[in-house]
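So the structure is just underneath, and the comments pick up after that.
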Amino acid sequence: IYLLAKKAFKYFKSNERENKAKFYYTVGIMSFLIFQIFVNIGMNMGILPITGVALPFISYGGSAILTMMIGFALLP
């Protein structure tokens, strides 16, 4: 998450239009990752209701791991 935030700030500081799109994509992947981690840990602690959200790159979920792999592969 730290490296994604670092990359997002690099794109945010740039004034080029193409880098703004890269910034939005990076922030989207980062927020997707943070949300899944937050929900999964909350479920395991009993704070949040149980849903089908897998812990990214840790828990086994076929479509979840595939989505994360594709998302990180397309990361600029």
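The values are calculated or read from the model by the stated rules, or taken from the named source; none is laboratory data. Because the structure is a prediction, the values reported are computed rather than measured. Every residue, glycine as well, gets a Cβ built from its backbone with ideal geometry; the counts of neighbours run over all protein chains shown. Only protein heavy atoms, including side chains, enter the accessible area calculation; ligands, DNA and RNA are left aside. Shrake-Rupley method; radii C 1.70, N 1.55, O 1.52, S 1.80 Å.
Would you mention how many residues in region 1-22 are part of a helix (DSSP H, G or I) and either of a type outside the set (F, W, Y) or open to solvent by less than 100 Å² (accessible area, probe 1.4 Å) (or both)?
Selection size over region 1-22: 15.
What single numbered condition from (1) part of a loop (DSSP other than H, G, I, E, B); (2) among the hydroxyl-bearing types (S, T, Y); (3) open to solvent by less than 100 Å² (accessible area, probe 1.4 Å) fails to hold for Y25?
Condition (1) is where Y25 drops out.
Restricting to region 38-57, name every residue that is in contact with a Pro (Cβ under 9 Å, 6 or more places away or on another chain) and either charged (D, E, K, R) or at pLDDT below 90 (or both).
N40
In region 41-75, what count of residues is obtained for those that are open to solvent by less than 50 Å² (accessible area, probe 1.4 Å) and not in a helix (DSSP H, G or I)?
7
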